[in-house]
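Participant: Once you've had a glance at the structure underneath, I'll fire off some questions.
The values are calculated or read from the model by the stated rules, or taken from the named source; none is laboratory data. Note that this is a predicted model, so its numbers are computed, not measured. Cβ: placed from backbone, ideal geometry, glycine included. Neighbour counts: every protein chain shown.
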Amino acid sequence: DQQVKQNSPSLSVQEGRISILNCDYTNSMFDYFLWYKKYPAEGPTFLISISSIKDKNEDGRFTVFLNKSAKHLSLHIVPSQPGDSAVYFCAANKGSGNTGKLIFGQGTTLQVKP
Amino acid sequence: GAVVSQHPSRVICKSGTSVKIECRSLDFQATTMFWYRQFPKQSLMLMATSNEGSKATYEQGVEKDKFLINHASLTLSTLTVTSAHPEDSSFYICSASPTDRAMNTEAFFGQGTRLTVV
């Protein structure tokens with residue numbers, strides 16, 4: 001039962017353009033969502049998060065949008081840079097306080113071409 | 001930012017032997033740490049929650065006698081893969097969140113350990 005889904009295994013964009021990574025979830029109890037970036041053979045690195053009481057959170061080039069009614073969130077990266085090339089994981093958490101217990105999506109491999 | 005260190009980063013062991021992986025929070029205390037496993041081209045799957053001073057909580061389908069977890073201090077959790085078999089070969093990652101809620105609430109991950117059982 002995949003509660004967090006990233007249906008696009010890969011995405012390729014040109015440098016300077018916008019990258020949009022999508023994530024869907026099924027459990028309405030999730031109240032905190034996070035995006036992580038991961039390189040091969042390394043642990044995930046936190047990028048940005050959003051609480052379920054918000055619909056948008058922005059941090060520099062990264063913006064996360066949350067549509068609770070659709071159970072959908074997306075990560076926008078603009079402008080995209082070659083260094084952004086990595087695997088991006090969407091993760092969700094339910095219940096405040098235990099934010100380390102995450103359910104991850106399958107990941108989307110982003111390639112930003114120079 | 002908070003740092004989580006995991007050791008070793010890579011280990012190769014013979015089938016039937018045991019391997020211990022350490023996860024340390026270097027600049028914060030964590031009463032709870034988490035162990036994940038990632039198979040090639042798959043997602044990170046939570047294996048267990050490590051609780052300082054008490055028993056770990058295992059996710060469904062994870063054998064507690066095979067994956068021994070010890071959380072003896074507020075900065076160290078260990079995962080021991082006992083009687084390892086080739087199918088245990090995977091990428092194991094730990095994470096921790098600071099007990100002090102004044103810090104960011106995201107979880108911080110270690111570098112991961114690539115276990116290969118031959």
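Participant: Name the strands (runs of 3 or more DSSP E) wholly within chain B that hold at least 2 residues that are more than 13 Å from chain A (Cβ to nearest Cβ)?
Facilitator: Filter on chain B gives B:10-13, B:19-25, B:67-73, B:76-81.
Participant: Separate question: Within segment A:18-45, which residues are in a strand (DSSP E or B), of a type in the set (Phe, Trp, Tyr) and closer than 14 Å to B:Leu44 by Cα?
Facilitator: Those that are in a strand (DSSP E or B), of a type in the set (Phe, Trp, Tyr) and closer than 14 Å to B:Leu44 by Cα: A:Trp35, A:Tyr36.
Participant: Of everything in segment A:48-66, what is at the interface with chain B (Cβ under 10 Å from one of its Cβ atoms) and surrounded by fewer than 18 Cβ atoms within 10 Å (Cβ to Cβ)? Give them in sequence order.
Facilitator: Scanning segment A:48-66 gives a single hit, A:Ser51.
Participant: Right, another one. Confirm whether A:Tyr39 is among the aromatic types (Phe, Trp, Tyr), within 28 Å of B:Arg37 (Cα to Cα) and more than 12 Å from the chain's Cα centre (by Cα).
Facilitator: Yes.
Participant: What pairs can you find where one residue is in segment A:90-105 and under 21 Å from B:Thr31 (Cα atoms) and at pLDDT 70 or above, the other is of a type in the set (D, E, K, R) and in a loop (DSSP other than H, G, I, E, B), and their Cβ atoms are less than 8 Å apart, with a gap of 6+ or different chains?
Facilitator: Pairs found: A:Asn93/A:Lys101.
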